[in-house]
Amino acid sequence: IRAELGMLKSIQSGADELTINGGSELQFCEMENLLQKRIASLQIKRNELGPDNARLSLECGGLLASAYKRIGELFSIRAEHYSCMREQDLAASRVALESSLNAYRNVFRSHPESHWHGIQQISLEAVLNGCLSRPRELDLIRWTTELAIDNDPKDYWSCGTLVEALLLAPIGGQQVDME
């Protein structure tokens with residue numbers, strides 16, 4: 001899993017470079033191929049881990065969801081740069097982001113205490129659909145995040161998740177009391 005994370009970080013650096021400075025069509029295709037290989041590898045690893053390795057399965061599922069999100073971003077950026085592939089890339093971006101949403105959803109539903117995966121799922125659902133299919137999940141995310149902060153007030157990741165949950169509350173039809 002650490003090796004997969006390292007490879008994804010390396011690929012992300014290359015994808016960030018393409019996002020900032022653009023690149024040739026060949027460079028975008030090479031980056032896409034690298035991400036597709038990581039996705040395939042992570043799918044295999046996740047299936048091999050099974051339910052007996054819950055912690056590693058959780059990490060692997062999160063990395064898989066992140067890889068789908070990264071390739072969705074890459075398709076979207078390529079669509080901006082190369083109009084001949086625009087419609088195809090925009091459609092592929094949406095499919096990749098929906099795959100990311102489903103992967104985050106699977107992890108969160110298997111491990112509801114994992115608020116970070118939950119907020120990623122909720123955020124993607126809000127972006128892709130403009131609404132939340134299960135707005136009560138925001139309550140669970142906020143509750144588990146507040147518990148994490150109670151256990152460690154310097155857990156800045158949890159604080160960030162809580163802020164995201166509060167920002168997304170109106171999309172879930174919830175009122176927010178910022179006090």
**Item:** Residue satisfying all of: in region 119-135; more than 17 Å from the chain's Cα centre (by Cα) and either free of Cβ contacts under 8 Å to residues at least 24 places away in the same chain or farther than 17 Å from Leu167 by Cβ (or both); most open to solvent (accessible area, probe 1.4 Å) among these
**Value:** Arg134
**Asked** Got at least one residue in region 95-112 being assigned to a loop (DSSP other than H, G, I, E, B), without any contact (Cβ under 8 Å) to a residue 60 or more places away in the chain and either hydroxyl-bearing (Ser, Thr, Tyr) or open to solvent by less than 30 Å² (accessible area, probe 1.4 Å) (or both)?
**Response** no
**Message:** Scan region 10-33 and tell me whether some residue there is open to solvent by 20 Å² or more (accessible area, probe 1.4 Å) and closer than 20 Å to His111 by Cα.
**Reply:** no
**Message:** Filter region 80-94 down to the residues that are in a helix (DSSP H, G or I) and either modelled with pLDDT under 90 or out of contact with any Phe, Trp or Tyr (no Cβ under 9 Å at 6 or more places or on another chain) (or both) and list them by number.
**Reply:** Glu80, His81, Ser83, Cys84, Met85, Arg86, Glu87
**Request:** Please indicate, with yes or no, whether at least one residue in region 70-79 is part of a helix (DSSP H, G or I), at pLDDT 85 or above, over 30 Å from Glu113 (Cα atoms) and among the acidic types (Asp, Glu).
**Result:** no
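The values are calculated or read from the model by the stated rules, or taken from the named source; none is laboratory data. Just so it is clear, the structure is predicted and the values come from calculations on it, not from any experiment. Counting neighbours? That spans all protein chains shown, and the Cβs are built from the backbone with ideal geometry, glycine included. Quick note on the areas: whole protein, heavy atoms, side chains included, nothing else; ligands and nucleic acids left out. Shrake-Rupley method; radii C 1.70, N 1.55, O 1.52, S 1.80 Å.
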